Amino acid sequence: MDQPADVGVYVHFPWCRRLCPYCDFPVVVVADQPPHRAYLDDVQAELAAQAPRFAGRTLATIYLGGGTPSWWDPACIAELLAAIRATFPGTPAEVTVEANPIDCTPATMAAWRAAGVTRLSIGVQSWDAAELAALGRDHRVGDGPAAIAAAIAAGFASLSADVILGAPGVAPPPDGEAPASIHAAAASGVDHVSVYELTIEERTAFGKRHRAGRLPVLADEQLAALFEATHHALTAAGFEHYEVSSYARPGRRAVHNGRYWTGGEYLGLGVGAASFWRDPAGGGARWHNHRKLDAYRDPARRLAEHTTFDAAELARDLLWLGMRTSDGVARAAVPADAAAWALAHGLVEDDGARLRPTLRGFLLSNQLAARLSG
Ligand code: SF4
């Protein structure tokens, strides 16, 4: 492989005002204020330490995720973005901030715009009061649409909304119908919708209630029906289903996230953040930071895991990731028996050059990807 041309930078801001009962992200809950400037100092020091590894790359994208990065003092965000831009040459194609609806005030959004943020990913999660309550969210049903309207008014040309399917204890719509939140998202003015099925992670509050038999979750078949109806509703509304959980209006796919699925390099900064580096000679390395804040803040303890991979392993990973996207993978990269199996089960379509997942393939994406990448 030639020298990678560019790098995406991810920054994790771990603080949240409360812990959602389904959340398994690296999160720190505080009631008052997070240490805005001290954390900026940590991340900037880490940027300076890590950047030499990505020397020669231009800056492709920046993504601030969390946690709740929209809670970070906008002045700190501005300084951080300036520092990243000063570190790598080039103009990023996309600068995204994940935003809690309650942070989307006119003043904050103006500050983000002035700092160079081009895209917001707004954690609406649902347009239904009962679902928001069941998910334990800290915003009310009007906050999501108000945030989208305010972001449009503030001049953001690129907006994504997150929607969670399968809130516990809430009756799903009749068979074949998409949830009201999906129709609302499609009509809200966003150009991108990320749809996640609620997953119950062991170490969360929902995980505990589930083990005790006290969480009324949907059956797998009900979730699959919701996924299918969601697909039909969003594609009928003009969205392209381009990755298992991602829908975009034409030309509005998420650029930063696309790097994760196509083997683009990324530098992850902050608590729990993951990095991916490719060796020009083939193969490369992945590493991620500690999920605990105190360990992250100590450079000697920051690194939680570092693994290397060779060219063959990378090729298998890219096959696995490619089968989670509508672009699929090159026909020639898939072993003949695995391709025949996927075609026989209606999981992929073959256009002669590429194998692309069908809707059924998206539904069974993990099994499909595992089988094809052998
Ligand atoms: S707001 Fe997001 S990151 Fe924070 S606790 Fe809730 S789900 Fe987790």
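A few points about this structure:
- Among the criteria (1) assigned to a loop (DSSP other than H, G, I, E, B); (2) closer than 22 Å to L120 by Cβ; (3) free of Cβ contacts under 8 Å to residues at least 60 places away in the same chain, the one R252 does not fulfil is (3).
- In the stretch 329-350, of all residues being more than 18 Å from A315 (Cα to Cα) and of a type in the set (G, A, S), the one that is surrounded by the fewest Cβ atoms within 10 Å (Cβ to Cβ) corresponds to A344.
- Identity of the residue in the stretch 62-77, of a type outside the set (S, T, Y) and assigned to a helix (DSSP H, G or I), that ends up surrounded by the fewest Cβ atoms within 10 Å (Cβ to Cβ): A75
- For the condition assigned by TED's automatic domain parsing to the domain that holds I148, of a type outside the set (V, I, T) and touching an Asp or Glu at 6+ places or on another chain (Cβ under 6 Å), L165 qualifies.
- Hits in the stretch 45-70 (condition: in contact with a helix residue (DSSP H, G or I) (Cβ under 8 Å, 6 or more places away or on another chain) and more than 16 Å from the ligand (Cβ to nearest atom)): L47, A48, A51, L59, A60, T61, I62
- The residues listed here are R203, R209; of these, the one that is over 28 Å from L159 (Cβ atoms) and surrounded by 16 or more Cβ atoms within 10 Å (Cβ to Cβ) is R209.
- The stretch 18-41, residues that are in contact with an Asp or Glu (Cβ under 6 Å, 6 or more places away or on another chain) and within 14 Å of the ligand (Cβ to nearest atom): R18, D24
- Some residue of the stretch 279-301 being within 23 Å of the chain's Cα centre (by Cα) and within 25 Å of A161 (Cα to Cα): no
- Looking only at the stretch 213-224, residues that are in a helix (DSSP H, G or I), over 13 Å from R360 (Cβ atoms) and of a type in the set (A, V, I, L, M, F, W, C) come to 1 in all.
- Verdict on A167 being in contact (Cβ under 8 Å) with a residue 40 or more places away in the chain and either under 18 Å from L198 (Cβ atoms) or over 19 Å from the mean Cα position of the chain (by Cα) (or both): yes
- Residues (farther than 15 Å from S121 by Cβ and not in a loop (DSSP other than H, G, I, E, B)) located in the stretch 232-249: H232, A233, L234, T235, A236, E240, H241, Y242
- The set of residues in the stretch 82-139 that are assigned to a helix (DSSP H, G or I) and under 30 Å from A5 (Cβ atoms) comprises A82, A83, I84, R85, A86, T87, W112, R113, A114, A115.
- Restricting the stretch 351-373 to residues that are surrounded by fewer than 15 Cβ atoms within 10 Å (Cβ to Cβ) and under 19 Å from Y260 (Cα atoms), the residue that is nearest to the chain's Cα centre (by Cα): N366
- Tally of residues being farther than 20 Å from F206 by Cα and at pLDDT 95 or above across the stretch 107-140: 17
- Only residues that are surrounded by 23 or more Cβ atoms within 10 Å (Cβ to Cβ) and either closer than 20 Å to D24 by Cβ or more than 16 Å from the ligand (Cβ to nearest atom) (or both) were counted across the stretch 91-116, and they come to 5.
- Set side by side, the residues Y63, Y39 differ, and just one is in contact with a His (Cβ under 6 Å, 6 or more places away or on another chain) and not small (G, A, S), which is Y63.
- Residues located in the stretch 2-17, provided they are part of a loop (DSSP other than H, G, I, E, B), within 14 Å of the ligand (Cβ to nearest atom) and touching a Pro at 6+ places or on another chain (Cβ under 9 Å): P14
The values are calculated or read from the model by the stated rules, or taken from the named source; none is laboratory data. Source: prediction; values computed, not measured. Glycine gets a Cβ as well: all are built from the backbone with ideal geometry, and neighbour counts include every protein chain shown.
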